[in-house]
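*Asks:* Take this structure first; my questions come after.
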Amino acid sequence: MAYTLENLTRLIAKHSFCVLATQGLRGPHVAGVCYFARGLDLYIPTSANTAKARNVRRDPRVAVHVPVPWPLVPAPPRSIQFRGKAEILSINDPAANEALEHGPLVIRRVFRRLLERVDAETWGESIWIHVRPGKRIETFMVGVPSTAIFRDEKKAMLHFDVPQDVIEDH
């Protein structure tokens, strides 16, 4: 059975950590962040004065890497990666908060606790960074049996075209 974009969407929703790359004034900036997914859209809670928020306001082009650990195997993680566009949203954004409500319970509780205790004087108001993938999502060792990879390592990489309506909607 072929691994589909729908399978990939479900896998992204099962996880809550990614690496977000933005473009700073002096070069790339990379940060490990928690996210909440709604379809292929990622919602990343942060504060307005962080480097990632400043960078997104200046240049919305981002890259995302979602590591997918192997169950019970101490090996490098599988991965999902894409380039996309980001935007800053209010912490009260309905779509972001819907994604939050579907996130893992422990992560939701941690996020809400942090939100109550944020030092707004230092970090600014709480916001969401909304990330939407561009035209293509690439994976490495996701949705491919390891036996197939051992026979032909080129099969470890899959590419998923993101439907145009997903890119333009929302």
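*Asks:* With the condition kept exactly as written, say whether any residue in region 3-19 is touching a helix residue (DSSP H, G or I) at 6+ places or on another chain (Cβ under 6 Å) and either of a type in the set (D, E, K, R) or within 18 Å of Phe160 (Cα to Cα) (or both). Full working, then the answer.
*Replies:* Restricting attention to region 3-19, the residues satisfying the condition of being touching a helix residue (DSSP H, G or I) at 6+ places or on another chain (Cβ under 6 Å) are 16.
Next cut, either of a type in the set (D, E, K, R) or within 18 Å of Phe160 (Cα to Cα) (or both) only: none.
The answer is no; no qualifying residue exists.
*Asks:* For region 77-104, which residues satisfy the criterion of being under 18 Å from Ser16 (Cα atoms) and either of a type in the set (Phe, Trp, Tyr) or more than 18 Å from the chain's Cα centre (by Cα) (or both)?
*Replies:* Hit for region 77-104 is Phe82, nothing else.
*Asks:* If you go through region 23-49, how many residues are under 18 Å from Trp123 (Cα atoms), assigned to a strand (DSSP E or B) and of a type in the set (S, T, N, Q)?
*Replies:* Number satisfying all stated conditions: 2.
*Asks:* Quick one: Ala75 ticks every box in (1) modelled with pLDDT under 95; (2) crowded, with 16+ Cβ neighbours inside 10 Å bar one, so which box is it?
*Replies:* Ala75 satisfies every listed condition except (2).
*Asks:* Filter the helices (runs of 4 or more DSSP H) completely within region 54-155 down to those with at least 1 residues that are free of Cβ contacts under 8 Å to residues at least 12 places away in the same chain, more than 27 Å from Arg26 (Cβ to Cβ) and of a type in the set (Gly, Ala, Ser).
*Replies:* Of the helices (runs of 4 or more DSSP H) lying wholly inside region 54-155, those with at least 1 residues that are free of Cβ contacts under 8 Å to residues at least 12 places away in the same chain, more than 27 Å from Arg26 (Cβ to Cβ) and of a type in the set (Gly, Ala, Ser) span 146-151.
*Asks:* Out of everything in region 78-124 that is modelled with pLDDT under 85 and of a type in the set (Asp, Glu), what residue ends up being farthest from Asp59 (Cα to Cα)?
*Replies:* The selected residue is Glu116.
*Asks:* May I pose another question? Taking region 5-24, which residues are touching a Cys at 6+ places or on another chain (Cβ under 7 Å) and surrounded by fewer than 18 Cβ atoms within 10 Å (Cβ to Cβ)?
*Replies:* Of the residues in region 5-24, the ones touching a Cys at 6+ places or on another chain (Cβ under 7 Å) are 16-17.
Answer for region 5-24, where residues must be touching a Cys at 6+ places or on another chain (Cβ under 7 Å) and surrounded by fewer than 18 Cβ atoms within 10 Å (Cβ to Cβ): just Phe17.
The values are calculated or read from the model by the stated rules, or taken from the named source; none is laboratory data. Predicted, not measured: the structure shown is a model, and the values here were computed from it. No Cβ is skipped: glycine too gets one built from the backbone with ideal geometry, and neighbour counts run over all protein chains shown.
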